[in-house]
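K.L.:
The following block contains the structure, expressed as structure tokens.
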Amino acid sequence: MQKKLKSSLVKMPASFPDPFKAEECFEKLSQKKDNKIFTSLGLLPDEVTLKNALAIRDKFLKVIGNKHPHFEFLQLLSSKCLFNIFDSDHVCCILNLIASSGLGSNDLESFSVELLLVIISNFPSLMRGSELQFRLLFEEKYLIYDKIIQVLAKAGPHISVKFSDFYPVLKKICLEGTHTQSKFAVSAIASLIDVSK
């Protein structure tokens, strides 16, 4: 465990403007053994809406206070723990646009599905809260876009869905779809079975 921690303390500073100073701060924080700081920071990546994550971050920074010797470092670290490019609201908006065909163009719809796949491939937990909306979209659009099936395969382990809600459609895809669609459907089934256990 100590070896893993040491390895992480060496790797993480590389993503900071001043890696040497960051490594020093990480080292000092790990020596303090203040679990409250790390527990609070651990809450940030679990929050999928930016608004709620910022509220948690602000509360954390208020609790530690600006007099804390590592306040600036903790401010930067807490910012790095947030979903700051996309959040679940963006995913919900993309799902709404695709479902309503409000994009007006098949190309835009296709690009939106592609963007959704990229987001979910990197941040699968951002699908949380949009499960019902995604299921309805999936049932409607799976024949048109193979990538919708891929989104399900990527997000499956990270969302709360019933296997039985998707299985009939996935089974149909396996039996009647193209080779590529069948391959993605099997991946989606596997990801959902893991969650069901």
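The values are calculated or read from the model by the stated rules, or taken from the named source; none is laboratory data. Keep in mind that this is a model prediction, so the values were computed, not measured. As a convention, Cβ positions derive from the backbone with ideal geometry for all residues, glycine included, and neighbour counts pool all protein chains shown. We work out accessible area using only protein heavy atoms, side chains counted, and drop any ligands, DNA or RNA first. Shrake-Rupley method; radii C 1.70, N 1.55, O 1.52, S 1.80 Å.
K.L.:
With respect to the numbered conditions (1) modelled with pLDDT of 85 or more; (2) more than 17 Å from L95 (Cα to Cα); (3) open to solvent by 70 Å² or more (accessible area, probe 1.4 Å), which one is the sole condition not fulfilled by A190?
P.N.:
The one condition A190 does not meet is (3).
K.L.:
Still on this structure, I have one more. Just a yes or no: is a residue in the stretch 71-80 free of Cβ contacts under 8 Å to residues at least 12 places away in the same chain, more than 20 Å from E131 (Cβ to Cβ) and exposed (fewer than 12 other Cβ atoms within 10 Å of the Cβ)? Reasoning before the result, please.
P.N.:
As a first pass, look at the stretch 71-80 and keep what is free of Cβ contacts under 8 Å to residues at least 12 places away in the same chain: 71-72.
From what is left, the residues that are more than 20 Å from E131 (Cβ to Cβ) are 71-72.
Pick out the ones that are also exposed (fewer than 12 other Cβ atoms within 10 Å of the Cβ) and you get none.
No: the stretch 71-80 contains no residue that is free of Cβ contacts under 8 Å to residues at least 12 places away in the same chain, more than 20 Å from E131 (Cβ to Cβ) and exposed (fewer than 12 other Cβ atoms within 10 Å of the Cβ).
K.L.:
Which residues, counting only those in the stretch 50-64, are surrounded by 16 or more Cβ atoms within 10 Å (Cβ to Cβ) and within 13 Å of S79 (Cα to Cα)? Outline the logic, then answer.
P.N.:
Taking the stretch 50-64 as the starting set, the residues that turn out to be surrounded by 16 or more Cβ atoms within 10 Å (Cβ to Cβ) are 50, 53-54, 56-57, 60-61, 64.
Within the stretch 50-64, L50, A53, L54, I56, R57, F60, L61 qualify.
K.L.:
Something else about it: Quick one: which residue in S112, S121, S125 is part of a helix (DSSP H, G or I), open to solvent by 50 Å² or more (accessible area, probe 1.4 Å) and closer than 22 Å to F184 by Cβ?
P.N.:
Details: S112 fails: open to solvent by 50 Å² or more (accessible area, probe 1.4 Å); S125 fails: open to solvent by 50 Å² or more (accessible area, probe 1.4 Å).
None of the other options fit; the residue is S121.
K.L.:
Tell me the helices (runs of 4 or more DSSP H) entirely within the stretch 1-99 that contain at least 1 residues that are of a type in the set (D, E, K, R), modelled with pLDDT of 80 or more and farther than 21 Å from H158 by Cα.
P.N.:
Values: elements: 2-11, 19-32, 35-43, 50-64, 71-80.
Helices (runs of 4 or more DSSP H) meeting the threshold: 19-32, 50-64, 71-80.
K.L.:
Can you find even one residue in the stretch 34-44 that is farther than 30 Å from R128 by Cα and either open to solvent by 40 Å² or more (accessible area, probe 1.4 Å) or in contact with a helix residue (DSSP H, G or I) (Cβ under 6 Å, 6 or more places away or on another chain) (or both)? Spell out how you get there, then give the answer.
P.N.:
Applying the first criterion (farther than 30 Å from R128 by Cα) to the stretch 34-44 yields 34.
Filter once more, so that each one left must be either open to solvent by 40 Å² or more (accessible area, probe 1.4 Å) or in contact with a helix residue (DSSP H, G or I) (Cβ under 6 Å, 6 or more places away or on another chain) (or both): 34.
For the stretch 34-44, residues farther than 30 Å from R128 by Cα and either open to solvent by 40 Å² or more (accessible area, probe 1.4 Å) or in contact with a helix residue (DSSP H, G or I) (Cβ under 6 Å, 6 or more places away or on another chain) (or both): present.
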